[in-house]
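Read the figures in this text as sums done on the coordinates, not as results from a lab. Since the model is a prediction, treat every value here as computed from it, not as a measurement. As a convention, Cβ positions derive from the backbone with ideal geometry for all residues, glycine included, and neighbour counts pool all protein chains shown.
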Amino acid sequence: PGVSIGKDTVIYPNTFLRGNTVIGEGCQIGPNSILESCQVGKGCRILASVLDAGSVLEDDVEMGPFCHLRKGAHLARHVHMGNFGEVKNSYLAEGVKMGHFSYIGDARIGENVNIGAGTITCNYDGEKKHKTEIGNDVFIGSDTMLVAPVKLGDHSRTGAGAVVTHDVPDGTTVVGVPARPLIKKENSE
């Protein structure tokens, strides 16, 4: 009785809407999805995924299959989340593209960030949770480990397989284990 579904939204088979879930207009939900007391904006597409209580999707978000939004997950407009992605207690700003097989926990992600496949925010040190902050227009290479607490500045980049243990300044590319700035060699004649 607490569920609200907007006009022209399609709910596909084997989808469960529980608690105080609110879904906007023109969405496609399922098949095989579970939404528990969450908010879904207009024009969203959720395929075979689980949204826990308190999850928020703004308009035109695409996710799935097999995504999991945990408590505190907030996806802004036009976020795309690929298969087998998980987000917990994090904000993904407008236009974020999150590749498959990634985990983003306790993070704030800026606008138009590309999160490559296999990226993980290493947010737990065995005792405490730590934050990851990523600026705008950042490119995170596949299989990057972001060891929190860590900040990546606007327009920064990580190479595939980088293990980022220190803050990355604006416009800097880091590579390696541990990640360090990429130094371009000058052409000699």
request  = List the longest stretch of the chain that has no exposed loop site; here a site is one of the trypsin sites (Lys or Arg not before Pro) assigned by DSSP to anything other than H, G, I, E or B, with at most 12 other Cβ within 10 Å.
outcome  = 8-70
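Please state the charge dipole magnitude for the chain, taken about the Cα centre, from unit charges on C-beta atoms (+1 on K and R, -1 on D and E), reported in debye and rounded to the nearest 20.
Values: 18 positive and 22 negative charges, 73 e Å.
Roughly 360 debye, rounded to the nearest 20.
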request  = Mind counting lysine pairs for me in the chain? Cα separation below 26 Å, and the two need to be 8 or more apart along the chain or on different chains.
outcome  = 22
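Report D for segment 98-186 in µm² per second (integer): Stokes-Einstein, Kirkwood Rh on Cα pairs, 37 °C, 0.692 mPa s. Show your work: numbers first, answer last.
On the way: Rh = 12.6 Å.
Calculated translational D: 261 µm²/s.
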key: Euclidean distance between Cα centres, segment 124-148 to segment 1-56, Å   = 29 Å
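Dividing the alpha-carbon radius of gyration of the chain by 2.2 N^0.38 Å (N being the number of residues), what value is obtained?
That ratio works out to 1.11.
Could you work out how much longer the chain between LYS71 and GLU127 gets when fully extended? Use 0.36 nm per residue separation minus the Cα distance between them, nm to one decimal. Could the numbers behind the result be given before it?
Values: separation 56, 0.36 × 56 = 20.16 nm, distance 1.97 nm.
Between LYS71 and GLU127, full extension yields an extra 18.2 nm.
Can you list which of the GluC sites (Glu not before Pro) found in segment 1-61 are DSSP loop residues with at most 16 other C-beta atoms within 10 Å?
Details: sites: GLU25, GLU36, GLU58; in loops: GLU25, GLU58.
Those satisfying the criteria are GLU25.
Once R0 is set to 41 Å, what does the formula 1/(1 + (r/R0)^6) return for the Cβ-Cβ distance between TYR12 and LYS185, expressed as a FRET efficiency to the nearest 0.05? Walk me through the numbers before you get to the answer.
Working: r = 54 Å, r/R0 = 1.32.
E(calc), rounded to 0.05, equals 0.15.
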message = Please report, in whole Å³, the volume per residue of the convex hull around the C-alpha atoms of segment 121-164.
response = 52 Å³
